[in-house]
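Here is the structure we will look at, set down as structure tokens.
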């Protein structure tokens, strides 16, 4: 397939409709997660209502992990095949990952203030998450370090591949070092998750909503990047009715 061809996910007459369907699914799951998080799931016995921020904080963190994994895969593929489509995919995923990390910080900061009494603490999870944000911000910036963009794209791909090593540090920081954060709930090394069934169901619903929303944003952003790159053969844009 020529390198100026569209990404297969964006090619064909049904691609725009499929993106629209994913968007509606994300909206429906998001509304369901919001209602469940505010009305169905019980408040935490210790943290009270502040614990409801978990239904934003955890899905945002998960979305960042997933997006940066896509950066890892796309960056590696770009280094192997030098196909600009992979570079565009890595860029779209990195942007989503950075936005999700910022949302993680926002919800976590408010949650920390309500439960710990401070906006910021030199906690291993917080510091390592900040390092993750800076690494992928640099990964995006590297694309503009040369005139033609190709050398910058390769530098960004190297950092996107190598930088994924920070993800296990972020995730396991609460195990490896003393931390104010609680240890893993769903992926805890125990026989059963130490969480109320309604809380777990609501959290899983919010995780599903965040994942589908991230997929929709990724496809839309990728379509925008390919349009800017002058790629021919893209599906009808989402903003244009499919009947045309």
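The values are calculated or read from the model by the stated rules, or taken from the named source; none is laboratory data. Because the structure is predicted, anything quoted here is derived from the model rather than measured. Positions of Cβ are generated from backbone atoms using ideal geometry, with glycine treated the same way; all protein chains shown enter the neighbour counts.
Kindly indicate whether residue 74 is touching a helix residue (DSSP H, G or I) at 6+ places or on another chain (Cβ under 6 Å), more than 21 Å from residue 223 (Cβ to Cβ) and at pLDDT 95 or above. For residue 74, the condition - touching a helix residue (DSSP H, G or I) at 6+ places or on another chain (Cβ under 6 Å), more than 21 Å from residue 223 (Cβ to Cβ) and at pLDDT 95 or above - is not met.
Residue-wise test of (1) part of a loop (DSSP other than H, G, I, E, B); (2) crowded, with 18+ Cβ neighbours inside 10 Å; (3) modelled with pLDDT under 90.
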position	(1), (2), (3)
134	no, no, no
159	no, yes, no
168	no, no, no
173	no, yes, no
191	yes, no, yes
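Scan the stretch 88-105 for residues that are crowded, with 20+ Cβ neighbours inside 10 Å and touching a residue at least 60 places away in the same chain (Cβ under 8 Å) and the total you get is 9.
Any residue that is modelled with pLDDT under 95, more than 24 Å from residue 181 (Cβ to Cβ), buried (at least 16 other Cβ atoms within 10 Å of the Cβ) and in contact with a strand residue (DSSP E or B) (Cβ under 7 Å, 6 or more places away or on another chain) - is there at least one of those in the stretch 2-10? Yes - at least one qualifying residue is present in the stretch 2-10.
Of the residues 121, 77, the single one that is within 19 Å of residue 172 (Cα to Cα) and over 16 Å from the mean Cα position of the chain (by Cα) is 121. Of the residues making up the stretch 106-126, those that are in a helix (DSSP H, G or I) and loosely packed, with under 15 Cβ neighbours inside 10 Å are 106, 113, 114.
Quick check on the stretch 70-84. Is at least one of its residues surrounded by 14 or more Cβ atoms within 10 Å (Cβ to Cβ) and under 18 Å from residue 130 (Cα atoms)? Looking for residues that are surrounded by 14 or more Cβ atoms within 10 Å (Cβ to Cβ) and under 18 Å from residue 130 (Cα atoms), one finds at least one in the stretch 70-84, hence yes.
For the stretch 198-239, taking the residues that are assigned to a loop (DSSP other than H, G, I, E, B) and within 24 Å of residue 29 (Cα to Cα), the one that is modelled with the lowest pLDDT is identified as 239.
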